[in-house]
1. Pop out the ³J(HN,Hα) list for region 347-360 in order, Karplus 6.51 cos²θ - 1.76 cosθ + 1.60 with θ = phi - 60°, rounded to Hz; leave Gly and Pro as x.
2. Using a 1.4 angstrom probe on the protein heavy atoms only, line up 220, 399 by accessible area, largest first.
3. Output ³J(HN,Hα) for region 55-65: one whole-Hz value per residue in order, computed from phi by the Karplus curve 6.51 cos²θ - 1.76 cosθ + 1.60 with θ = phi - 60°, and x for Gly and Pro.
4. If you line up the Cα atoms of the chain on their principal axes, what length do they span on each, largest first, in Å?
5. Suppose all protein chains stay in the model; what accessible area per residue would a 1.4 Å probe give for region 96-444, in Å²?
6. Percent of accessible area on the chain owned by carbon and sulfur, 1.4 Å probe?
7. Just need the Rg to Rh number for region 226-383, please, alpha carbons only, Kirkwood Rh.
8. List the residues whose amide H sits under 5 Å from the amide H of residue 19, counting only those 5 or more places along or on another chain, with H placed 1.01 Å from N in the peptide plane.
Amino acid sequence: MSETQESAGTTSVATAQASLTVVDNRTGKSYEVPITDGTVRAMDLRQIKVDDEDFGLMTYDPAYTNTASCRSAITFIDGDKGILEYRGYPIEQLAEQATFLEVAYLLIFGELPNREQLDRWTHAITTHTFVHENVKSFVEGFRYDAHPMGMLQASVAALSTFYPEAKEIHDEQVRYEQIVRLIAKVPTLAAFAFRHAKGMPYVYPDNDLNYAENFLGMLFKIAELKYQADPRIAKALDVLLILHADHEQNCSTSAVRSVGSSQVDPYSAVAAGVGALYGPLHGGANQSVLEMLQRIGSVENVPGFIEGVKAGNERLMGFGHRVYKNFDPRAKIIKKAVDDVFEATGTTNPLLAVAQELEKIALEDEYFTKRKLYPNVDFYSGLIYEALGLPVEMFTVLFAIGRTPGWVAQWLEMVQDKEQKIARPRQIYTGDRTRDYVPIDQRG
Ligand code: ACO
């Protein structure tokens with residue numbers, strides 16, 4: 001029994017203000033369980049047993065809706081108040097005043113960089129954007145219509161084979177190098193996936209450009225000698241990346257931490273995060289939003305669609321969030337970026353009117369207000385990506401680029417956290433027990 005477990009039942013006086021008294025009605029026994037940081041330790045419940053044979057009480061939390069899996073000092077969210085902070089800095093201020101690489105530094109190292117630190121960091125990222133030439137060959141092996149998220153996931157995982165030292169996860173310098181490589185190379189891999197689908201030659205990174213400009217160049221450069229991005233578009237993209245950079249223990253970050261807890265290299269762990277992000281309930285939602293808007297087609301079809309959602313026939317994609325139950329602060333910032341991008345591209349999109357009408361009706365409808373369903377980060381981001389000329393399949397890839405610093409920051413924190421072990425949940429077994437094997441010709 002651990003120290004915590006032993007003390008769990010005996011600290012009633014010292015922690016009278018911060019403990020939970022549990023009476024097990026099966027036995028009549030009473031237990032005192034310490035409360036720290038608003039939580040009780042699940043392992044403190046293990047002492048609650050019917051008899052000595054009993055395994056002890058567990059908690060059942062199928063989607064970790066009420067379970068803290070770690071201590072983290074990276075991202076703070078207050079879902080009821082709509083607050084999102086990276087290392088204590090409000091997302092609104094970072095989106096307006098910082099650059100994506102500055103935010104990446106903040107997430108990973110815990111403080112905003114000074115000028116010299118930022119220059120060194122930017123230089124490190126910029127000079128690691130190239131990938132091994134062999135990467136091109138295996139990207140070529142994908143079918144022409146392969147989904148870029150599948151390609152990204154596979155190619156991020158494959159990076160571990162190019163950097164076998166990455167498995168030295170307890171070596172600080174090695175960890176730093178892989179973090180730089182991941183943030184630097186993910187846009188290159190993403191752009192290769194995009195060009196592959198188009199049948200266009202891959203564009204090598206341009207170290208004269210900033211992070212967002214370079215990515216746009218690798219996507220869209222054709223024959224021009226030097227690619228020049230519209231600064232308003234590059235800025236909007238940079239803001240979008242900042243908004244996606246971290247979001248505490250979401251599905252993909254939990255995947256990165258969980259896979260990383262086996263002490264595998266960070267490329268394999270981040271590839272797991274890319275896989276989790278691909279799902280339509282997570283990062284894949286921005287693709288689903290645009291497909292939904294296209295299906296609705298025009299403003300007059302919105303009320304009928306909303307009725308279908310209320311009848312339970314489908315979900316209003318881009319609405320609702322496990323944590324935000326008031327508004328998603330990222331959605332507010334994105335809404336403004338939509339205007340900037342449309343102004344820069346000189347385009348309009350009739351689907352914007354559909355999105356606005358959906359939002360208007362849903363925010364007034366009791367079905368949505370009662371369930372606290374508000375637009376999330378994905379509701380408007382797809383419209384921006386489309387205005388940038390990206391196909392829907394690339395939307396989640398953009399999210400993955402933005403989320404990479406968050407994944408590596410969380411991975412780094414996990415690797416250095418002495419309390420963490422290999423992630424290994426328990427189960428409630430519901431199947432049969434100890435049956436005799438039946439030869440195949442005797443089975444019914
Ligand atoms: N449209 C219609 N109804 C919804 C929606 C929605 N988008 N989201 C939730 N609901 C309803 C549910 O049907 C449920 O209703 P009920 O109580 O009558 O059964 C209630 O609201 C609660 O929903 P849950 O699914 O229990 O909420 P949960 O926290 O598990 O789900 C999620 C959160 C997955 C984001 C959900 O709101 C959803 O599917 N949204 C659409 C997909 C989406 O936009 N995902 C992106 C999330 S943000 C991100 O990953 C970056």
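The values are calculated or read from the model by the stated rules, or taken from the named source; none is laboratory data. None of these values were measured; they are calculated from a predicted model. Using ideal geometry, Cβ is built from the backbone for each residue, glycine included, and neighbour counts are taken over all protein chains shown. Accessible surface areas use protein heavy atoms only, side chains included; no ligands, DNA or RNA. Shrake-Rupley method; radii C 1.70, N 1.55, O 1.52, S 1.80 Å.
1. 10, 10, 9, x, 6, 4, 5, 5, 4, 5, 5, 4, 4, 4
2. Listed by decreasing accessible area, they come as 220, 399.
3. Here the 3J(HN,Hα) series is 5, x, 5, 10, 9, 10, 8, x, 10, 6, 6 Hz.
4. Computed over the Cα atoms, the extents are 78, 65, 56 Å.
5. 47 Å²
6. The C+S portion of the solvent-accessible surface of the chain is 51 percent.
7. On the way: Rg = 17.3 Å, Rh = 17.1 Å.
Reported Rg/Rh (Cα atoms, Kirkwood Rh): 1.01.
8. 35
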